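The values are calculated or read from the model by the stated rules, or taken from the named source; none is laboratory data. Everything numeric here is computed off the predicted structure, so don't read it as measured data. Cβ sites come from the backbone with ideal geometry, for glycine too, and all protein chains shown count toward neighbours. Protein only, heavy atoms only, side chains kept; ligands, DNA and RNA dropped before computing areas. Shrake-Rupley method; radii C 1.70, N 1.55, O 1.52, S 1.80 Å.
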Amino acid sequence: MNPVSMAMLASLFTWAGGLLGAPSTVVLVLYGLYRAVGAGGDASERAAGAGFGSNPDALLLMLKGISTAIASIAGAVGSVAQWMFNVVAMVAVAGLVVATLCWFTGRGLAAQAAWARVSAAAMLTLLLLPSLLLALSAGSGVRWPMMALAAFCLLALHTVWAGYLPQSR
């Protein structure tokens, strides 16, 4: 007897959609606010704007060199941080798409929709393949959880297609 029921599977898909969609939405809102407000200019432009007069002495020249070096380092760190923030935003978009797909699949499974079975089977298969690969290639600390996940995916696939009769028109 299969311990995974269709109602449990529908509930898991719906909850997975909500749990994956919430952080993705938060990240996208923060990214949108960041883009709307703007970065406020480059650090090297702010450092270049600090005037040292027309005839600076040696100490002011040294301070100007230090501030230029710090501004260059800050600009490089800011560029890397901006790149990472853009990557996180792209991952959040993908997470939101998957979350929406999971949520609608869960709702469709609860309503016994045929398209939801196909969607659930595709997502479960996409989860099954890497878990089997990791179960076969990873160390013992990862092997057992991946084997449990693969077993769950197989039971869930059995639940999705067990007793399914296509509707004839």
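So is Leu126 assigned to a helix (DSSP H, G or I) and either at pLDDT 95 or above or under 18 Å from Ser5 (Cβ atoms) (or both) or not? So Leu126 passes the test.
With respect to Val97, is the statement that it is open to solvent by 70 Å² or more (accessible area, probe 1.4 Å), more than 20 Å from Pro23 (Cβ to Cβ) and without any contact (Cβ under 8 Å) to a residue 40 or more places away in the chain true?
So Val97 fails the test.
For Gln82, state whether it is exposed (fewer than 13 other Cβ atoms within 10 Å of the Cβ), touching a residue at least 24 places away in the same chain (Cβ under 8 Å), of a type outside the set (Val, Ile, Thr) and under 30 Å from Leu30 (Cα atoms). Taking the combined requirement at face value, the residue satisfies it. Val91: open to solvent by 80 Å² or more (accessible area, probe 1.4 Å), more than 24 Å from Pro3 (Cβ to Cβ) and part of a helix (DSSP H, G or I), yes or no? Against the criterion (open to solvent by 80 Å² or more (accessible area, probe 1.4 Å), more than 24 Å from Pro3 (Cβ to Cβ) and part of a helix (DSSP H, G or I)), Val91 qualifies. Hey, any hits in the stretch 113-120 for a residue that's at pLDDT below 90 and of a type in the set (Phe, Trp, Tyr)? No: the stretch 113-120 contains no residue that is at pLDDT below 90 and of a type in the set (Phe, Trp, Tyr). Residues considered: Ser44, Ser11. Of these, the only one that is part of a helix (DSSP H, G or I), open to solvent by 40 Å² or more (accessible area, probe 1.4 Å) and at pLDDT below 85 is Ser44. Whenever a residue of the stretch 59-73 is in contact (Cβ under 8 Å) with a residue 12 or more places away in the chain, its partners that are surrounded by 13 or more Cβ atoms within 10 Å (Cβ to Cβ) and among the aliphatic types (A, V, I, L, M), lying with C-beta atoms within less than 7 angstrom and at least six residues away or across chains, give the pairs Ser67/Ala47; Thr68/Ala47; Ala71/Ala43; Ala71/Ala47. Looking at this structure, is Ala148 more than 20 Å from the chain's Cα centre (by Cα), without any contact (Cβ under 8 Å) to a residue 24 or more places away in the chain, exposed (fewer than 14 other Cβ atoms within 10 Å of the Cβ) and within 14 Å of Met8 (Cα to Cα)? No, not satisfied. Of all the criteria given as (1) touching a residue at least 60 places away in the same chain (Cβ under 8 Å); (2) among the small types (Gly, Ala, Ser); (3) open to solvent by 50 Å² or more (accessible area, probe 1.4 Å), the one not satisfied by Ala120 is (3). Considering the stretch 139-169, and only residues there that are in a helix (DSSP H, G or I) and at pLDDT below 90, the residue that is nearest to Arg107 (Cα to Cα) turns out to be Trp161.
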